[in-house]
Amino acid sequence: MSDIISVTVKVWRQDGPDSSGGFETHPQQISTDASFLEMLDLLNEQLNDRGEEPIVFESDCREGICGTCGVMINGRAHGPQKATATCQLHMREFADGDEIVIEPFRAAGFPVIRDLAVDRSPLDHIIESGGYISVGSGAAPDANLTPVPRDAAEQAFDAAACIGCGACVAACPNSAAQLFTSAKVGHMALLPQGQPERWSRTESMVEVMESYFGSCTNHGECHEACPKEISLDFIAYLNRDYVKAKVKNRALSGQR
Amino acid sequence: MEPGAAPQPNSTVLDSKVPDGPIADLWENHKFSMNLVNPSNKRKFEVIVVGTGLAGASAAATLGELGYRVKAFTFHDSPRRAHSIAAQGGINAAKNYPNDGDSVHRLFYDTVKGGDYRSREANVHRLAEVSVNIIDQATAQGVPFARDYGGLLDNRSFGGAQVSRTFYARGQTGQQLLLGAYSALMRQVAAGTVELHNRSELLDVVLKDGRACGIVTRDLVSGEVTPHSAHAVVLATGGYGNVYFLSTNAMMCNVTAAWRAHRRGALFANPCYTQIHPTCIPASDDFQSKLTLMSESLRNDGRIWVPSGAGDARSAADIPEAERDYYLERKYPAFGNLVPRDVASRNAKTVVDAGHGVGPLNNGVFLDFAVAIERDGHDAIAARYGNLFDMYQRITGENPYTSPMRIYPASHYTMGGLWVDYHLMTNVPGLYAVGEANFSDHGANRLGASALMQGLADGYFVLPYTIGDDLAGLLGDPVVPTNDPVFTAAVAGVEDETSRWLSTNGSRSVDHFHRELGRIVWDNIGMARTETGLRSALSDIPALRDEFHNDVRVLGSADTLNQSLEKAGRVADFFDLAELMARDALEREESCGGHFREEHQTAEGEAQRDDDNFSHVAAWEWNGSDTPQTRHIEELTFDNVALSQRSYK
Ligand SMILES: Cc1cc2nc3c(=O)[nH]c(=O)nc-3n(C[C@H](O)[C@H](O)[C@H](O)COP(=O)(O)OP(=O)(O)OC[C@H]3O[C@@H](n4cnc5c(N)ncnc54)[C@H](O)[C@@H]3O)c2cc1C
Ligand code: SF4
Ligand code: FES
């Protein structure tokens, strides 16, 4: 059943990428049935009524699937609830009297655009560098021509479930994007359709990743923050494939 | 014009340009007769694609592969975020892998019937034909569809279909299909054939001498307003379900791109055809920002009921069996809880309106799994619906294993949209619409798992052919330069609009007005419509719109990320659309699919079509802000499917 709780919201405000930011504090009374983002909607409504500009934060599906939302809540990417994106978090996870500190995802690869919104386009650049299987429209054979063992398909799915939110990067002390990259590499490497480009894909995606993000030192914070609970095994799998790729790509281009 | 009266004098009958011939060969033959653009000439053509959902990403990727120079636009921060990502249930295709009697003809037939005989046969047949290619394409891209133990693709029956033709990827089919199309798109971005513009919102469509020659966009981060020219413009900008404010659509879905095209002359077809999905979680409070869909599959095992007595506030457990009304089972003994979406939705409204609603706000009906759990065991139900039960609990804080779920209908999909011909071209030469943004294939009601099919059919397999036929005739023509007066005027118009919002200085937020508009639309142009309700909407909407334009408060400036400013323009377009929906609903003096006019029902309370007078598409022409739109029609003929009255008793 719903209750009304009083919380203190300390939220990061920053006008633009080059401005310095700071915290603003707002007391909030809120129903425990509200979602976390609805709490911010209400706060924005109040700010607007008072003639203050609303807080910029991003969301779209509000169902945990599009990856648009994402903020640090009390120092944790997507907040306290496990396997839960910011938009799925509800106020019943908080108690009366709580202080809630809200900040943007902080990572060198994700510059702040405004308030809580950051630029995550480097994740797209990683995909652009090889996160696809080259098959033009109309060129595909019958879908059942190549059976895929059910387990392989299921594991590929576990990796493909990544929503591209960037929480893994934000949670990582090194701002590394290994979990995200390994999810895409793993998804494709597990499927027969992904084999022809497996080694070139792995090498180029890792290289583009490294040009934007820090190095992975196996802290595992990424997995803890990940709303889709992408397994750390995919990082191990990526590392193994990357080493192999280095050798194979050289061999394939005749430079052995 | 009075409802049911003869068409206005200047109303015309539209030509869908469907070629002649037997339906089964129409598309094959037509592909052969269309003009082609020679491979080395394709790079001489520039094409703008707005929207990177299933329809837009597949179209942009395919056009890029063919060699056209493509510019793709999305207001999202990445193409992967489009609303398509949220589709859960699956995608239909006439593969007949289960060998249970499916065929292209059956999928065609079911879609025409499901649309309550208000769609264009030729388009639907083509859709059913290419459906099989979509599954091949997606599988080759690495989409991890569900498989059986032999490693082959698995199918299920969806939304009451009598064959298993739905392919699915857990409960995330839309996500996986979109990631497939997105990866194809990013491959073309890497190849340099597609230039991608994220966080760019289309705010105008530009015409020169009656032909679409480009668009104007606003960069949502810098605020810069920019003209873009091309030989053709494709809108793949999704549906308008958020006109109701509360819907299962993503927060940013809106009608602006289609509406701005409409204001430039593109006809808007069947705006009153909207789909209300029966199984969504009811709103919990006034601050509710959107509604969450609970998969339709729950109706396979859940029993829907309300207390027999109005105003009964006891909890479900305290209401004895004899005082429960399983109203769907009572009224439709043959189909029971599995009646189609529109019937289930309307019946929920009837009982709630009569005071039988449950939950703290009395705004839901129970979906009860007690019998299923007792029959099959807790574990079997958890295996079937565990994810959904968890999602329900996360949102409501209630445990559906021990107390029934509460559900209520919500706006979900819009069948109406920009009118397009057989080539998916609007009546404006050079301007195309694909995916949910067009009106084409679903008639008055869309079947489950058919929207993903249509978006990808349009983008991968239809538009890339038909656009060539039109472009071939333009070989050698340069694009209209962006310093042409048609562009400078459009840019100035957009800048004016922006500064108008910022200087209105009213007292209420954009969201406030959107919520109020949504209430009017939901109450009067929702699940059941009456002449009285529609007429009151036609006076309430313009009144609230005036208030909106005079009293909205948009703070901040135009040269930063300003979400209130973005929303202001979108809500303004929703106001105009809502008014047209009411007029369209008023003039369609029949009930069909998602459009239920209480005046037109059978003795049993079912939708009653009027095929003699309304077997047509209504396509509305903009006449300027101060003059009502003109209603044109496209006649629908049914040569391959016999018209019948639906019955689920
Ligand atoms: C909860 C839910 C579940 C669903 N489940 C299913 C299902 O199981 N099966 C099924 O077949 N269908 C389902 N549907 C319907 C289906 O998901 C949609 O109809 C379909 O995905 C629409 O795709 P689209 O490409 O036409 O548009 P969208 O995916 O909505 O994409 C629109 C694109 O246009 C862009 N855009 C819009 N306006 C502008 C503008 N002005 N400027 C720039 N860019 C713009 C957006 O950024 C986005 O990229 C579901 C719908 C919902 C709401
Ligand atoms: S791996 Fe997890 S945390 Fe990282 S982007 Fe994907 S879903 Fe988000
Ligand atoms: S808003 Fe889509 S994942 Fe949160």
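Observations on the structure shown:
- Residue check, B:Val189 of a type in the set (Val, Ile, Thr) and buried (at least 21 other Cβ atoms within 10 Å of the Cβ): yes
- Search result, residues across the range A:139-154 that are at the interface with another protein chain (Cβ under 7 Å from one of its Cβ atoms), among the small types (Gly, Ala, Ser) and touching a helix residue (DSSP H, G or I) at 6+ places or on another chain (Cβ under 9 Å): A:Ala140, A:Ala143
- Count of the range B:46-84 residues which are within 6 Å of ligand 1 (Cβ to nearest atom) and hydrophobic (A, V, I, L, M, F, W, C): 6
- Conditions (1) more than 10 Å from chain A (Cβ to nearest Cβ); (2) assigned to a loop (DSSP other than H, G, I, E, B); (3) buried (at least 22 other Cβ atoms within 10 Å of the Cβ): number failed by B:Gln88: (1)
- Number of positions in the range A:19-73 that are part of a loop (DSSP other than H, G, I, E, B) and more than 16 Å from ligand 3 (Cβ to nearest atom): 10
- For A:Phe157: the one exception among (1) surrounded by fewer than 23 Cβ atoms within 10 Å (Cβ to Cβ); (2) touching a Ser or Thr at 6+ places or on another chain (Cβ under 9 Å): (2)
- Residue match in the range A:186-196 (condition: surrounded by fewer than 19 Cβ atoms within 10 Å (Cβ to Cβ), within 16 Å of ligand 2 (Cβ to nearest atom) and over 27 Å from B:Ala82 (Cα atoms)): no
- Checking each residue in the range B:235-264 for being among the aliphatic types (A, V, I, L, M) and within 11 Å of ligand 1 (Cβ to nearest atom) picks out B:Leu235, B:Ala236, B:Ala250, B:Met252, B:Val255, B:Ala257, B:Ala258, B:Ala261.
- Pairs, first at negative phi in the range A:161-173, second of a type in the set (Ser, Thr, Tyr) and within 16 Å of ligand 1 (Cβ to nearest atom), C-beta under 8 Å, six or more apart: A:Cys165/A:Thr68
- Checked against the criterion of being away from ligand 1 (no atom under 16 Å from the Cβ), crowded, with 22+ Cβ neighbours inside 10 Å and not basic (Lys, Arg), the range A:60-71 has at least one qualifying residue.
- Some residue of the range B:478-494 being on the phi < 0 side of the Ramachandran plot, assigned to a loop (DSSP other than H, G, I, E, B), among the hydrophobic types (A, V, I, L, M, F, W, C) and more than 31 Å from the chain's Cα centre (by Cα): yes
- Contact annotation: residue pairs with Cβ atoms under 6 Å, 6 or more positions apart or on different chains, pairing a residue in the range B:175-204 that is within 8 Å of chain A (Cβ to nearest Cβ) and among the small types (Gly, Ala, Ser) with a partner that is away from ligand 2 (no atom under 16 Å from the Cβ) and in a loop (DSSP other than H, G, I, E, B), are B:Ser183/A:Tyr132.
- Against the test of being in contact with a Leu (Cβ under 9 Å, 6 or more places away or on another chain) and more than 16 Å from ligand 2 (Cβ to nearest atom), the options A:Ile55, A:Ile73 yield a single qualifying residue, A:Ile55.
- A Cβ distance below 7 Å, combined with a sequence gap of six or more or placement on separate chains, defines the contacts here; from the range B:293-315, residues that are in contact (Cβ under 8 Å) with a residue 60 or more places away in the chain reach residues that are among the aromatic types (Phe, Trp, Tyr) and assigned to a loop (DSSP other than H, G, I, E, B) in the pairs B:Asp301/B:Phe369; B:Gly302/B:Phe369; B:Arg303/B:Tyr326; B:Ile304/B:Tyr326; B:Trp305/B:Tyr326.
- Restricting the range A:205-229 to residues that are of a type in the set (Gly, Ala, Ser) and either under 18 Å from A:Ala159 (Cβ atoms) or buried (at least 23 other Cβ atoms within 10 Å of the Cβ) (or both) leaves a set whose member that is nearest to ligand 2 (Cβ to nearest atom) is A:Ala225.
- Looking across the range B:386-434, the residues that are within 17 Å of B:Val617 (Cα to Cα) and of a type in the set (S, T, N, Q) come down to B:Thr414, B:Thr426, B:Asn427.
Each value in this text was obtained by applying a stated rule to the coordinates, not by laboratory testing. The structure displayed is predicted, hence computed values, not measured ones. All Cβ positions, glycine included, derive from the backbone under ideal geometry; neighbour counts span all protein chains shown.
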